[in-house]
1. Considering only the stretch 255-357, give the helices (runs of 4 or more DSSP H) lying wholly within it that have at least 2 residues that are of a type outside the set (Asp, Glu), in contact (Cβ under 8 Å) with a residue 12 or more places away in the chain and away from the ligand (no atom under 13 Å from the Cβ).
2. When the stretch 358-402 is examined, which residues are found to be assigned to a helix (DSSP H, G or I), out of contact with any helix residue (DSSP H, G or I) (no Cβ under 6 Å at 6 or more places or on another chain), crowded, with 20+ Cβ neighbours inside 10 Å and not hydroxyl-bearing (Ser, Thr, Tyr)?
3. Residue under question is ARG41, and the condition is that it be touching a residue at least 40 places away in the same chain (Cβ under 8 Å), among the charged types (D, E, K, R) and either assigned to a helix (DSSP H, G or I) or under 16 Å from THR424 (Cα atoms) (or both); does it hold?
4. May I ask you to list the residues in the stretch 379-418 that are closer than 30 Å to CYS298 by Cα and among the charged types (D, E, K, R)?
5. Exactly one condition in (1) of a type outside the set (A, V, I, L, M); (2) more than 14 Å from the ligand (Cβ to nearest atom); (3) under 21 Å from the mean Cα position of the chain (by Cα) is not met by SER220; state its number.
6. Could you please find all residues in the stretch 403-439 being of a type in the set (Phe, Trp, Tyr) and assigned to a loop (DSSP other than H, G, I, E, B)?
7. Could you list, in sequence order, all residues of the stretch 384-408 that are out of contact with any Ser or Thr (no Cβ under 9 Å at 6 or more places or on another chain) and away from the ligand (no atom under 11 Å from the Cβ)?
8. Condition first: touching a residue at least 12 places away in the same chain (Cβ under 8 Å) and assigned to a helix (DSSP H, G or I). Now tell me which residues in the stretch 210-237 satisfy that.
Amino acid sequence: MSAEAREADVVVVGGGLAGLAAARALVSRGASPVVVEARDRVGGRTLNEDLGDGKVVEIGGQWVGPTQDRLYALAAELGIETFPTYLEGENVLELGGRLRRYRGTIPRLNPAALVEIELARRRLDSLGRAVPLKEPWTAARADRFDRVTLESWLRRMLRTGSARQLVEIAVRTVWGANSADVSMLFALWYMRSGGGFDSLVDTEGGAQQDRFVGGSQLVSLRMAAGLGERVLLGAPVTAIETGDGGVTVFAGAHTVRARRAIVAMAPPLCDRIEFRPELPPARSQLAQRMPWGSYLKCLAVYDEPFWRADGLSGEAVSTVGPATTTFDNTPPDGSPGILLGFASGAEARALQRLGEAERRGAVLESLGRLFGARALKPERFIEQDWSRERYTGGGPVCFMAPGVLTSFGPALREPAGPIHWAGTETSEVWSGYMEGALASGERAAAEVLERL
Ligand SMILES: Cc1cc2nc3c(=O)[nH]c(=O)nc-3n(C[C@H](O)[C@H](O)[C@H](O)COP(=O)(O)OP(=O)(O)OC[C@H]3O[C@@H](n4cnc5c(N)ncnc54)[C@H](O)[C@@H]3O)c2cc1C
């Protein structure tokens, strides 16, 4: 056996939140896992960017909110504090060519548009409540809802242009996909798994409520530190072989032999690994049918959060774009000032066709319109496009087009012999979010422990 060959009870492929949570759960129950991570770092879709002076800002997943109990508890256990997203002052709405200020999640619109949005939100939540979290494909009208896109449903519910545009921005920010890309059944299930429409889109009381002091990647870094030498970095897995009562994972010079494997990554990434023997058809075809969202996270760094003095929260919604949603992403001590702009779905794809300087110019122009001329001249501009990352592929999550959940849904979690599946996309709760990643890792670890 070569010096790089290791043995373990369980080999975990992927050192994001899901893989690390699985490994931690296994260790706590006395099993021995080895985590094999392709990158030279842990955290996957969470990544801290260094700002100097010991400060960081996140260029991947960052917020935590109510009912994400695992994540709050784990962070507390790891000594990581949270702080509220900056919300004081007014938000900005750019609708067509006009700027307006407002408070709360829903901007001031004409009453007809507001009524339509309210009805659509209520209807989405009530339809969602009829979709079982564990097996959404068994919902009473699953076939019917999986045959249409979210867009075709919204088109019937929303007649006014402004209502449609604003709900579309919310959809794109949640999935990095246009509503025309997403199955209605998938959308209902996903929203329900995160507690409903408001819970996904709200800042206070919703998924954007709090941030982590020291950045969200700290959660993974501290979990990995606790796992010590059980985490192997810089080891992209190219093949997984099942046989002789176990699993062997090949990652360049490294091989890990174990009784069971947990593959903790988004389904499409599994398609890049050679499975010997091949995976069951439903699982391998699922990997071909879950595309990534298109999502650009852009951060403009200023000497101070100047918009606060103008009575603005930094939160904005723009139908003009390309930054269609913005937030104040300043560190907890108030310096430097950071504006975060998301371009998602169609806007992200349009930006991706531009060169770097043009992209930066287009995003800053957006911020300039929303927050004034000072926004045009940041000290630093950071952009992260997860579709350019080999070991991710897009962001923030993978979604399903019509027909996929009813035809391939059960393959999300169904083990393939000794191979189990984790990753936020496989979670029943808070699918797509960091909380869902943790839940999926714990669920896969429990499955494995039952069978060891
Ligand atoms: C821009 C952006 C913003 C987001 N915002 C939020 C937010 O505010 N709040 C929130 O809760 N969630 C947010 N998310 C989503 C959140 O980041 C993810 O749900 C979560 O991090 C997923 O964790 P995971 O472990 O399931 O997958 P990942 O983090 O993708 O981990 C998979 C791991 O597998 C590794 N890997 C891939 N291929 C191989 C291979 N062949 N061999 C070995 N290792 C491999 C990868 O390198 C990675 O480390 C955001 C995501 C993005 C991209």
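The values are calculated or read from the model by the stated rules, or taken from the named source; none is laboratory data. Here the structure is a predicted model, which is why all the values come from computation and not from measurement. Cβ placement follows ideal geometry from the backbone for every residue including glycine, while neighbour counts extend to all protein chains displayed.
1. On the way: elements: 267-270, 281-288, 306-309, 346-352.
Counting at least 2 such residues, we get 281-288, 306-309, 346-352.
2. Going through the stretch 358-402, the residues assigned to a helix (DSSP H, G or I) turn out to be 358-371, 373-376, 386-388.
Applying the additional criterion that residues be out of contact with any helix residue (DSSP H, G or I) (no Cβ under 6 Å at 6 or more places or on another chain) yields 358, 360-363, 365-366, 369-370, 373, 386-388.
Remaining after also requiring crowded, with 20+ Cβ neighbours inside 10 Å: 363, 366, 370, 386.
Across the stretch 358-402, the qualifying residues are VAL363, LEU370, TRP386.
3. Details: touching a residue at least 40 places away in the same chain (Cβ under 8 Å): yes; among the charged types (D, E, K, R): yes; either assigned to a helix (DSSP H, G or I) or under 16 Å from THR424 (Cα atoms) (or both): no.
It is false that ARG41 is touching a residue at least 40 places away in the same chain (Cβ under 8 Å), among the charged types (D, E, K, R) and either assigned to a helix (DSSP H, G or I) or under 16 Å from THR424 (Cα atoms) (or both).
4. Of all residues in the stretch 379-418, those closer than 30 Å to CYS298 by Cα come to 379-401.
Matches in the stretch 379-418: GLU379, ARG380, GLU383, ASP385, ARG388, GLU389, ARG390.
5. (2)
6. Start the filter on the stretch 403-439 by keeping residues that are of a type in the set (Phe, Trp, Tyr), which leaves 408, 421, 430, 433.
Selection gives TRP430, TYR433.
7. ARG388, SER407, PHE408
8. Let us first name the residues in the stretch 210-237 that are touching a residue at least 12 places away in the same chain (Cβ under 8 Å), namely 210-224, 226-227, 230-237.
Across the stretch 210-237, the qualifying residues are GLN217, LEU218, VAL219, SER220, LEU221, ARG222, MET223, ALA224, GLY226, LEU227, ARG230.
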